[in-house]
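Everything below concerns the one structure shown next.
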Amino acid sequence: MLEVTLDRPEVNAIDIATSRLLGEAFVQLRDDPELRVGIVTAAGDRIFSAGWDIKAAHEGGEVGRWWTQDYGPGSFAGLTELWDLDKPVIGALNGHALGGGLELALSCDLLVAADHVELAMPELPIGILPDSGGIQRLPRRLPHNVALELLLLGRRMSVERAERLGLVNAVVPGDRLLETAREWADTIAAGAPLTIRAVKEALRAIEGVSVREAFDLIRSGTLPAYERALVSEDATEGVRAFAEKRAPVFEGR
């Protein structure tokens, strides 16, 4: 398990240097065979991240086509465009996720949040675009009109409403946040790593296609992680262990 903690007082804003460091951490998760799952959280209990460091962006001339700058692997926040990461990331929201902070959260596979958290996309009122996942991911995670409520009106959403709408998986007291995230990570890490990678690869590949096209793509033999998982020793071990009524021992092969 890899835990990544964003720690940039006072609001955990993300500049180019921070994005590069986050990208390096998530690349380590991607490339280290001993790591099976990641957790991303932040220091403090008030703000997970206020998003893009606008002051630094202004001083560095990044406003506009900011992606032409070198934000490192994964682009903004190191995770929003790390397309080849086939290991799950759990977002543990210790505080408010605002703007780019919410975009980082949307890049995670599972979200657990402290019960005082609020979510918001406040970019439009100051004339910038939430294009590191706000536009791309939020309407896929929420009912369309609710996503527009956040994007166009800049309103804050309570974490309780986010949980009801399925944007957040669980809401817990702040003192149980990391405990819960680690329990989830342990559950994932106990599974067959090749199977977990296959699930992430398949979900990414079939996004946006019809159900029939999704079946055809999965049966096509063109998804390498999926094909490897089908004939893996771990698959044989899992079936054998089930038949023998014991816990499986997965070795990632």
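Recomputing Rg/Rh (Cα atoms, Kirkwood Rh) from the coordinates shown identifies the correct label among (i) 0.99; (ii) 1.10; (iii) 0.96 as (i). Axis of helix 144-153 versus longest Cα principal axis of the chain: the two differ by about 30°, to the nearest ten degrees.
Here segment 164-253 is treated as an ellipsoid with the same Cα gyration tensor; its semi-axes, largest first and in whole Å, are 27, 23, 10. When only alpha carbons are used to place a centre, segment 112-126 and segment 133-200 end up 13 Å from one another.
So for the chain: antiparallel DSSP bridges make up what percent, rounded to the nearest 5? If we restrict to bridges inside the chain, about 15 percent are antiparallel. Exposed loop sites here mean GluC sites (Glu not before Pro) with a DSSP loop assignment and at most 14 other beta-carbon atoms within 10 Å; the chain contains its longest site-free run at 35-206. Note on segment 65-137: the alpha carbon radius of gyration divided by the globular reference 2.2 N^0.38 Å gives 1.13. A straight line joining the Cα centroids of segment 225-253 and segment 17-34 runs 28 Å. You can think of it this way: the chain between Asp216 and Ala247 has 7.8 nm of extra reach, that is 0.36 nm per residue less the Cα-Cα gap.
So what's the net charge close to Leu111: Lys and Arg +1, Asp and Glu -1, counting the other residues with Cβ under 11 Å from its Cβ? Computed value for this residue: -1. Restriction of the trypsin sites (Lys or Arg not before Pro) in segment 63-169 to DSSP coil positions whose beta-carbon has at most 14 other beta-carbons within 10 angstrom yields Arg65, Arg155. Rounded to the nearest 10 degrees, the angle from helix 16-31 to the longest Cα principal axis of the chain is 10 degrees.
The H on the amide N of Glu3, modeled in the peptide plane, is under 5 Å from the matching H of Ile39, each at least 5 residues off or on a different chain. In this structure the amide hydrogen of Leu93, modeled in the peptide plane, comes within under 5 Å of the amide hydrogens of Val112, Ala113, Ala114, none closer than 5 places in sequence on its chain.
None of the figures in this text is laboratory data; all of them are computed from the coordinates on show. Just so we're clear, the structure is a prediction, and the values are computed from it rather than from any experiment. Neighbour counts are summed over all protein chains in view; Cβ atoms, including those assigned to glycine, are modelled from backbone coordinates with ideal geometry.
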